[in-house]
Amino acid sequence: IPAISSGPFTATPLGLVVQGNPDFEIWQAYGRGLKVVEGAMQWVRGDWLNYGERAYGEMYSQEVESGEDYGYLRNQKYVADRVQMSRRRDNLTWSHHQIVAPLEPIEQDKWLDTATEKHWDRQELRHQIKLAHLDNLPPELRGKYRVIYADPPWEYGNERGVGYTEQAAHYGLMSIDA
């Protein structure tokens, strides 16, 4: 892994190397920069991955998907892609944004604004979103259930098999993907 240099400072995988004798203001500015980057690493990695996918296609896939931590990186890529930079709130954690990433952009803004105004931690944000979605369900579907049973009209790939004609005559069948 290459080192990253900025002025008299070089960050390496093993620590910081300081060249010369920088004055206090330069040292202070570098420290402030570290705070910004430290809090933004998931965003930086996610944006980096999204750029790599757009710019390098197959080479990106071979480089990134072969890594041991691809699942972790894939999550950062997903959140950074779903929550555009203009929607990100620097006063909320990465986890707040991760929670709203599956929502539509207008909903993301609504929930992130509310979390900011009400000083919600990530657990409270998750809880409030869950409650709001439950409120949108018909009354007969609200509550907790130990079992949810579903019997979709699967297409088993047995077009010539026993029962296929009977199934298709009574209802439309669905592929596994559908």
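The values are calculated or read from the model by the stated rules, or taken from the named source; none is laboratory data. Values in this document were obtained by computation on a predicted structure and should not be read as measured data. Reconstructed Cβ throughout: ideal geometry from the backbone, glycine too, with neighbour counts over all protein chains shown. We work out accessible area using only protein heavy atoms, side chains counted, and drop any ligands, DNA or RNA first. Shrake-Rupley method; radii C 1.70, N 1.55, O 1.52, S 1.80 Å.
Remarks
- Straight-line cross-link partners of Lys144 among the lysines, defined as a Cα under 18 Å from its Cα and at least 8 positions apart when in the same chain: Lys130.
- Modelled label positions at Leu141 and Thr116, each set 7 Å beyond Cα in the direction of Cβ, lie 3.2 nm from each other.
- Ranked from largest to smallest solvent-accessible area, with a 1.4 Å probe on the protein heavy atoms, Ile129, Ile106 come out as Ile106, Ile129.
- Cα gyration tensor shape for the chain, rounded if a/c is under 1.5, else prolate or oblate: oblate
- Helix-only CD estimate at 222 nm, as mean residue ellipticity for the chain, using -39500 (n - 2.57) per DSSP H run (n ≥ 4): -17500 deg cm²/dmol
- Projected over every direction and averaged, the convex hull enclosing the alpha-carbon atoms of the stretch 1-87 yields 7.3 nm².
- Accessible area expressed per residue, the chain, with surrounding protein chains retained (probe 1.4 Å, Å²): 77
- For the stretch 37-77: rounded, prolate or oblate by the Cα gyration tensor [a/c cutoff 1.5]: oblate
- Just the protein heavy atoms count here, and of the accessible area of the chain at 1.4 Å, carbon and sulfur take up 55 percent.
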